[in-house]
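The values are calculated or read from the model by the stated rules, or taken from the named source; none is laboratory data. Note that the structure is predicted; figures quoted are calculated from it, not measured. For neighbour counting, all protein chains shown are included, and Cβ atoms are generated from backbone atoms with ideal geometry for every residue, glycine included.
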Amino acid sequence: MPLMFVFSVLIAGGCSKEEPKPNLTPITIQIVNKEGEPIPRFAVGITVIIEEEEKDEVGAIPKAMLTNREGKVVVGLSTSQKYKIEAGPQKKVITISKKPMTVKFIVDSKALPE
């Protein structure tokens with residue numbers, strides 16, 4: 001009888017597993033001009049890239065953020081996932097690794113509004 005009880009507890013415990021939380025990696029997006037000076041309040045777009053076979057089941061909602069005074073946005077993104085990052089007309093596609101990373105964009109100051 002005790003063996004049956006242990007077996008029942010193991011089965012019940014295995015059924016109540018929670019969904020694993022995604023591993024997030026800190027990503028810094030940096031916007032500077034050609035002189036290397038930071039550009040504050042610059043809009044940055046981040047969109048997850050969905051694999052073709054998952055597109056019918058999952059949708060991607062783009063995020064839009066503004067850079068801080070240092071011309072940076074820091075965000076946690078899912079490890080091993082691909083993202084498209086946009087800054088003005090520039091786009092970069094990156095795959096997130098387990099290590100923190102920086103994505104840098106150099107923009108033309110002449111194209112910025114005064």
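Just give me the residues in the range 76-113 being assigned to a loop (DSSP other than H, G, I, E, B) and either within 11 Å of the chain's Cα centre (by Cα) or in contact (Cβ under 8 Å) with a residue 60 or more places away in the chain (or both), in sequence order. Listed by number, the residues that qualify are Thr79, Ser80, Gln81, Ile96, Ser97, Lys98, Lys99, Pro100, Asp108, Leu112.
Can you say whether Lys55 is modelled with pLDDT of 95 or more, of a type outside the set (Phe, Trp, Tyr) and out of contact with any Gly (no Cβ under 8 Å at 6 or more places or on another chain), as far as the supplied structure shows? I'd like the intermediate steps shown before the answer.
Details: modelled with pLDDT of 95 or more: no; of a type outside the set (Phe, Trp, Tyr): yes; out of contact with any Gly (no Cβ under 8 Å at 6 or more places or on another chain): yes.
Here the answer is no, as Lys55 does not meet what is asked.
Can you spot a residue in the range 29-41 that is surrounded by 11 or more Cβ atoms within 10 Å (Cβ to Cβ), within 11 Å of the chain's Cα centre (by Cα) and modelled with pLDDT of 95 or more? For the range 29-41, residues surrounded by 11 or more Cβ atoms within 10 Å (Cβ to Cβ), within 11 Å of the chain's Cα centre (by Cα) and modelled with pLDDT of 95 or more: present.
Among the numbered conditions (1) within 13 Å of Pro38 (Cα to Cα); (2) surrounded by fewer than 11 Cβ atoms within 10 Å (Cβ to Cβ); (3) under 14 Å from the mean Cα position of the chain (by Cα), the only one that Val73 does not meet is (2).
Condition test on Ala64, is it hydrophobic (A, V, I, L, M, F, W, C), touching a strand residue (DSSP E or B) at 6+ places or on another chain (Cβ under 6 Å) and either modelled with pLDDT under 95 or surrounded by 14 or more Cβ atoms within 10 Å (Cβ to Cβ) (or both)? Reasoning before the result, please.
Details: hydrophobic (A, V, I, L, M, F, W, C): yes; touching a strand residue (DSSP E or B) at 6+ places or on another chain (Cβ under 6 Å): yes; either modelled with pLDDT under 95 or surrounded by 14 or more Cβ atoms within 10 Å (Cβ to Cβ) (or both): yes.
Yes, satisfied.
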